[in-house]
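Right, one structure below, let's go through it.
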């Protein structure tokens, strides 16, 4: 039987990487769902049509569907028609800053859109593994309660219990999430529930900084991509609080797609994984400036705003132990240095908006 993948948010960073990986490496027929909502959320600079066109041109057997995941009847009709053997759900309103201005759009997209897909899958293809792109923002600002130590260029955990990063057992309760984080919590828990209650093969991937050369980074979402774009254009990059020493772990979209493929091959019911680059691929903003400058040959223009973003993490990197234990054939293959180099090269090739 031929393998068919349905990917929502297929023109975005992770969605497009998943489409490419499953089509080229695994031989799947791929159906992409995207309506360029990123351009609505972020304006012209967030437009992803270029990526949609790239997939249509480069991928054999790729079919694009112009569909909003908030359209419940449309989602059900499409899933029934395609009857995919696997579903990867990456479509979202992805900015925790933007969510406060558009709370209904945010919740309807992130929470209700996910429920629409889960229920369609339950009705049409309950055996198909369902992979949901969640976020580490489900932990809210609770990681900021971990004791920290200040180093010359970054913050790091002072508590040895977190030497390897944040594990999936960390609390998601009693913290400030941003409205985006709250809507993603609702989706995350619903994905778990469809796995546990209905025994469907589902997982929620609590992503850290997902990055790579095909990201349409903007100030409100897409840390490394936007930082590199500013560097190459000599544009001012604004650093919000924490002395620029706030830390994120960065995972290349290829390694995200590879983990999704591992889950689809050996699915479990109602699982959660902290999907990030781990401590080895973590960096502060100050450290990211230096790596970008090395690859671009240009000085990073930046200013400092002494006001951190609400609910922002001071230090966050993922403990990858559970992922490596459940899927020992998977591991990180793209280093942070290589990733930033690829992003620099990609922005230089990107057609002007």
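Side notes on the structure shown:
- Condition met for residue 95 (touching a residue at least 40 places away in the same chain (Cβ under 8 Å) and surrounded by 24 or more Cβ atoms within 10 Å (Cβ to Cβ)): no
- Which numbered condition residue 308 fails, given (1) surrounded by 13 or more Cβ atoms within 10 Å (Cβ to Cβ); (2) at pLDDT below 95; (3) within 30 Å of residue 5 (Cα to Cα): (3)
- All positions within the stretch 146-177 that are exposed (fewer than 12 other Cβ atoms within 10 Å of the Cβ) and not in a loop (DSSP other than H, G, I, E, B): 149, 160, 161
- Filter result (modelled with pLDDT under 95 and loosely packed, with under 14 Cβ neighbours inside 10 Å) within the stretch 311-353: 348, 349, 351, 352, 353
- Only one of 299, 292, 288, 280 that is surrounded by fewer than 14 Cβ atoms within 10 Å (Cβ to Cβ), modelled with pLDDT of 95 or more and under 19 Å from residue 338 (Cβ atoms): 280
- Residue within the stretch 2-17 that is over 17 Å from the mean Cα position of the chain (by Cα), modelled with pLDDT of 95 or more and surrounded by fewer than 20 Cβ atoms within 10 Å (Cβ to Cβ) present: yes
- Residue in the stretch 261-275 that is more than 19 Å from the chain's Cα centre (by Cα), free of Cβ contacts under 8 Å to residues at least 40 places away in the same chain and under 21 Å from residue 25 (Cα atoms) present: yes
- Hey, residue 151 over 16 Å from residue 247 (Cα atoms) and either in contact (Cβ under 8 Å) with a residue 12 or more places away in the chain or touching a strand residue (DSSP E or B) at 6+ places or on another chain (Cβ under 8 Å) (or both) or not: no
- Test: residue 67 is at pLDDT 95 or above, part of a loop (DSSP other than H, G, I, E, B) and surrounded by fewer than 24 Cβ atoms within 10 Å (Cβ to Cβ): yes
- Counting the residues of the stretch 241-259 that are touching a helix residue (DSSP H, G or I) at 6+ places or on another chain (Cβ under 9 Å) and either farther than 18 Å from residue 133 by Cβ or assigned to a loop (DSSP other than H, G, I, E, B) (or both) gives 6.
- Taken across the stretch 21-31, residues that are crowded, with 24+ Cβ neighbours inside 10 Å and assigned to a loop (DSSP other than H, G, I, E, B) do occur, with at least one present.
- When residue 43 is tested against the conditions (1) farther than 25 Å from residue 188 by Cβ; (2) surrounded by 17 or more Cβ atoms within 10 Å (Cβ to Cβ), the lone failure is (2).
- Among (1) part of a helix (DSSP H, G or I); (2) touching a helix residue (DSSP H, G or I) at 6+ places or on another chain (Cβ under 6 Å); (3) in contact (Cβ under 8 Å) with a residue 60 or more places away in the chain, the one test that residue 308 misses: (1)
- Matching residues, the stretch 47-64, being out of contact with any strand residue (DSSP E or B) (no Cβ under 8 Å at 6 or more places or on another chain), outside any loop (DSSP other than H, G, I, E, B) and either closer than 21 Å to residue 263 by Cβ or in contact (Cβ under 8 Å) with a residue 12 or more places away in the chain (or both): 49, 50, 51, 54, 58
- Residue match in the stretch 116-131 (condition: outside any helix (DSSP H, G or I) and under 16 Å from residue 10 (Cβ atoms)): yes
- Filter result (under 15 Å from residue 249 (Cα atoms) and outside any helix (DSSP H, G or I)) within the stretch 321-353: 331, 332, 333, 334, 335
The values are calculated or read from the model by the stated rules, or taken from the named source; none is laboratory data. None of these values were measured; they are calculated from a predicted model. A quick note on method: Cβ atoms are made from the backbone with ideal geometry, for glycine too, and the neighbour counts reach across all protein chains shown.
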